[in-house]
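A short write-up of the structure that comes next.
No value in this document is a laboratory result; all are computed from the given coordinates. Because the structure is predicted, anything quoted here is derived from the model rather than measured. Quick reminder, even Gly has a Cβ in these numbers, built from the backbone with ideal geometry, and neighbours come from all protein chains shown.
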Amino acid sequence: MAFIMTFIFVSGVLSVRLWKIYHYKSAEKGLALIKNSNEMVYLLDMFRKEKEEMKKSMDQKIRH
């Protein structure tokens with residue numbers, strides 16, 4: 001029983017630490033993107049194109 005409780009506690013601590021590291025890294029990347037506006041415009045354009053392609057493919061699947 002003690003082993004299971006220890007395992008759950010250690011898993012919880014590790015998952016919280018990994019989540020904090022991931023959150024910090026993603027926020028850091030976000031700030032870098034905001035500083036580089038050309039890259040941000042490129043990414044937004046890429047996401048818009050991908051969204052349109054997904055819409056078209058979903059419409060085709062619905063029709064058939």
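General observations
- The chain: calculated mean residue ellipticity at 222 nm from DSSP helix runs of at least 4, using -39500 (n - 2.57): -34500 deg cm²/dmol
- Diffusion constant of the chain at 25 °C, which comes from Stokes-Einstein with the Kirkwood Cα-pair radius and 0.890 mPa s, µm²/s: 156
- Applied to region 4-10, the Karplus parametrisation 6.51 cos²θ - 1.76 cosθ + 1.60 on θ = phi - 60° returns per-residue 3J(HN,Hα) values of 5, 5, 5, 4, 5, 5, 5 Hz, with x for Gly and Pro.
- Taking a straight Cα-Cα cut-off under 13 Å and skipping sequence neighbours fewer than 8 places away in the same chain, the aspartates and glutamates within cross-link reach of Lys29 are Glu39.
- If the chain linking Lys29 and Met46 were pulled fully straight, counting 0.36 nm for each residue of separation and taking away their Cα-Cα distance, it would gain 4.4 nm.
- Spacing of the modelled spin labels on Ala2 and Ser15, each 7 Å from Cα toward Cβ, amounts to 2.5 nm.
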